[in-house]
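S.K.: Just passing along the structure, written as structure tokens.
The values are calculated or read from the model by the stated rules, or taken from the named source; none is laboratory data. On a predicted model such as this, the values are computed, not experimentally measured, just so you know. Cβ atoms come from the backbone with ideal geometry, glycine included; neighbour counts cover every protein chain shown. The protein model used for the area step is the full one, side chains on, heavy atoms only, and it has no ligands, DNA or RNA in it. Shrake-Rupley method; radii C 1.70, N 1.55, O 1.52, S 1.80 Å.
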Amino acid sequence: MHATDLSPAAVQRAADEAEHLGVSMTFGVADMRTLATQVEGKFDVVLCCDNALPHLIADDDLLRAAANMRAKLRMGGLLLASIRDYNALARERPTFDNPRLLDGDAGRRIVFQLWDWSSDGRDYAVQQFILNEAAGQWQTLHVATRYRALLRGDLSAILQRAHFADVRWHMPHETTFYQPIVSARAIKQDN
């Protein structure tokens, strides 16, 4: 098993957690658009979860990421990716994500997001706020990013262009996972 992320801090955190849990695996910093040159070997499964793909706003970037994930799979290998349910969200255009209270050994954290949608509803800016409690004091961390409102049909078409077949969507009511999951199989690439 090999795990990657674009963020060196996220990779280090995952490595620390794996070591703490006694899990044997390797880690590396990589961009999903260039996995073919950054990660050695082929795999039976590639996972791309927790709404990572919608960070790629342009179709060209999304196609590059899909093609690079395909390049890391053995023939018949499985891609599993999860994204938010943008088919519903693009219609509703919520502006606020409900706060979540996380209790841990390091103290309490409250996390929430503000969403500012573009006029055409194709993407939105996210302002994420994390309130950390330590020794009775609260500190606020703010980060911002932009997401594409990636519709299931658009992602399915990109995956087919990247030489995936048997593209299927699995919804939360079927899987009990909180986001829709797309599965797709690697097929032979055209020469």
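S.K.: Send over a whole-number figure in Å² for the accessible area per residue of the range 1-57, probe 1.4 Å.
M.R.: Spelled out: the 1.4 Å probe surface of the range 1-57, per residue, equals 65 Å².
S.K.: Each residue of the range 122-135 in order: what ³J(HN,Hα) in whole Hz does its phi give by Karplus 6.51 cos²θ - 1.76 cosθ + 1.60, θ = phi - 60°, with x for Gly and Pro?
M.R.: Coupling constants for the range 122-135: 7, 7, 7, 8, 10, 10, 9, 10, 10, 9, 10, 9, 9, 6 Hz.
S.K.: Right, something else. Residue by residue, what Karplus-based ³J(HN,Hα) values in Hz, rounded to whole numbers, does the range 51-64 have, using 6.51, -1.76 and 1.60 with θ = phi - 60° and x for Gly and Pro?
M.R.: So the J values, rounded to whole Hz, are 6, 6, 4, x, 5, 8, 6, 8, 4, 4, 5, 5, 5, 4.
S.K.: Please give the Cα centre distance for the range 1-24 versus the range 78-124, rounded to the nearest Å.
M.R.: 24 Å
S.K.: Taking 0.36 nm per residue of separation and subtracting the Cα-Cα distance, what length does fully extending Asp120 through His173 add?
M.R.: 16.2 nm
S.K.: Hey, another quick one. If packing is taken as the average number of other Cβ atoms within 10 Å across a peptide's residues, how do 130-136, 29-35 rank, most packed first?
M.R.: Ranking the peptides 130-136, 29-35 by packing returns 29-35, 130-136.
S.K.: Sticking with this structure for a sec: In whole percent, what relative contact order does the chain give with Cα contacts below 8 Å and a gap of six or more residues?
M.R.: Relative contact order for the chain comes out at 19 percent.
S.K.: Now for a separate question. Just one of [x] 17.1, 54; [y] 18.1, 62; [z] 16.0, 52 is Rg and Dmax of the Cα atoms in Å calculated from these coordinates, so which is it?
M.R.: Only one option fits the structure, namely [y].
S.K.: Working out 0.36 nm times the residue gap between Ile57 and Leu6, then minus their Cα-Cα distance, what length gain in nm do you get to one decimal?
M.R.: That works out to 16.8 nm of additional length.
S.K.: Can you tell me which of 97-103, 63-69, 38-44 comes out highest on packing, and rank the rest after it, using the mean Cβ neighbours within 10 Å?
M.R.: 63-69, 38-44, 97-103
S.K.: Packing-wise, with mean Cβ within 10 Å as the measure, how do 79-87, 142-150 rank, highest first?
M.R.: The most tightly packed comes first, giving 79-87, 142-150.
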